[in-house]
1. Here is a check on your reading of the model: is ASN225 within 29 Å of the chain's Cα centre (by Cα) and loosely packed, with under 11 Cβ neighbours inside 10 Å?
2. ASP258 fails exactly one of the following numbered conditions: (1) open to solvent by less than 100 Å² (accessible area, probe 1.4 Å); (2) farther than 30 Å from GLY137 by Cα. What is the number of that condition?
3. May I ask you to list the residues in segment 135-161 that are open to solvent by less than 10 Å² (accessible area, probe 1.4 Å) and in contact with a Phe, Trp or Tyr (Cβ under 9 Å, 6 or more places away or on another chain)?
4. Give just the number: which of (1) assigned to a loop (DSSP other than H, G, I, E, B); (2) out of contact with any strand residue (DSSP E or B) (no Cβ under 7 Å at 6 or more places or on another chain); (3) surrounded by 14 or more Cβ atoms within 10 Å (Cβ to Cβ) does MET1 not satisfy?
5. Among the residues of segment 188-202, are any closer than 21 Å to GLU87 by Cβ, outside any loop (DSSP other than H, G, I, E, B), assigned by TED's automatic domain parsing to the domain that holds PHE52 and away from the ligand (no atom under 14 Å from the Cβ)?
6. Does ILE74 qualify as being assigned to a loop (DSSP other than H, G, I, E, B) and either of a type in the set (Ser, Thr, Tyr) or under 16 Å from the mean Cα position of the chain (by Cα) (or both)?
7. Six or more apart or on different chains, Cβ atoms under 6 Å: show the pairs whose first residue is in segment 93-119 and over 18 Å from TYR23 (Cβ atoms) and whose second is open to solvent by less than 10 Å² (accessible area, probe 1.4 Å) and in a helix (DSSP H, G or I).
8. Only residues that are open to solvent by less than 90 Å² (accessible area, probe 1.4 Å), more than 23 Å from GLU113 (Cα to Cα) and without any contact (Cβ under 8 Å) to a residue 60 or more places away in the chain: list them for segment 10-35, please.
Amino acid sequence: MKYVSEFSLKKLKSEKISLVTCYDYTSARIISKSDIDAVLVGDSAAMVMHGFENTVHAEIQMMCYHINAVKRAIKDKIIIADLPFLEHKKSTSDTISSIDKIMKSGAHAVKIEGAFGNLNLIETLTKAGIPVMGHLGLTPQSINAIGSYKVQGRKSSEAELIIEQAVELENAGCFAIVLELIPKNLASEITSKIKIPTIGIGAGNGTDGQVLVLQDLLGMNEDFNPKFVKKYLNGYEATLRALNSYHKDVVELKFPTDDESFT
Ligand code: KIV
């Protein structure tokens with residue numbers, strides 16, 4: 001997909017939307033050749049690429065560095081980037097200056113976590129021509145308030161609040177909403193209630209699309225096995241095996257051979 005308007009078109013045509021996170025040039029080159037619809041430079045970069053314990057540690061400079069790298073390889077897919085922790089709670093002019101940096105680094109749209117308290121900003125941005133993706137359910141930037149990465153919206157009062165927020169985000173002009181870690185029935189209900197597409201992660205198969213962290217679907221972390229992730233590769237094992245084969249070849253004088261040497 002090249003334009004955010006295609007998100008709604010896909011929903012109209014009942015075609016599912018696939019998103020994956022990406023933070024680096026080499027992975028982005030492969031994604032650019034794939035059928036994946038759109039790329040999210042998520043603030044999960046703070047955890048996946050930098051080893052921080054949560055996304056609170058992502059900053060504008062970090063995000064722009066990753067967006068730039070991804071943009072060098074992705075030419076014809078939409079790039080959405082997270083607005084990092086607290087950036088949307090600054091003065092409007094500071095927030096807009098941060099978003100300006102994100103967009104000039106190569107993003108086509110920004111993702112903002114939460115609804116209440118952000119609706120005026122989202123309306124201002126969408127009216128200014130900046131596409132905004134919402135994010136409800138588990139909002140990882142609030143992990144210190146939530147306590148743990150647990151399913152949200154199990155109680156009917158919580159579920160109603162998430163539905164209300166989804167409607168408000170649509171009214172504020174969001175072009176899509178990520179629904180993270182909520183029961184599948186709730187995600188389906190939201191999906192049928194709003195016209196903009198819902199993109200699920202840990203939200204079942206009733207959403208209009210799915211997003212996964214690239215390293216999770218590639219199985220790069222053997223210790224990370226949440227219920228909602230499907231590993232399409234055992235990237236951890238495959239990489240470890242390759243590294244150990246290389247090491248063995250070096251110590252046994254099997255690499256380099258004449259094939260890899262210059263006469
Ligand atoms: O930062 C991220 O990777 C995300 C996805 C989990 C949706 O926000």
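The values are calculated or read from the model by the stated rules, or taken from the named source; none is laboratory data. Bear in mind the structure is a predicted one, so any value in this text is a computation, not a measurement. No Cβ is skipped: glycine too gets one built from the backbone with ideal geometry, and neighbour counts run over all protein chains shown. Remember, those area values only see protein heavy atoms, side chains included, never the ligands or the DNA or RNA. Shrake-Rupley method; radii C 1.70, N 1.55, O 1.52, S 1.80 Å.
1. Working: within 29 Å of the chain's Cα centre (by Cα): yes; loosely packed, with under 11 Cβ neighbours inside 10 Å: yes.
When the stated conditions are applied, ASN225 passes them.
2. Every listed condition holds for ASP258 apart from (1).
3. Correct list: LEU138 only.
4. Result: MET1 fails condition (2) only.
5. No: segment 188-202 contains no residue that is closer than 21 Å to GLU87 by Cβ, outside any loop (DSSP other than H, G, I, E, B), assigned by TED's automatic domain parsing to the domain that holds PHE52 and away from the ligand (no atom under 14 Å from the Cβ).
6. Numbers: assigned to a loop (DSSP other than H, G, I, E, B): yes; either of a type in the set (Ser, Thr, Tyr) or under 16 Å from the mean Cα position of the chain (by Cα) (or both): yes.
In short, yes.
7. ALA115/LEU169; LEU119/ALA172
8. Correct list: GLU15, ALA28, SER32, SER34.
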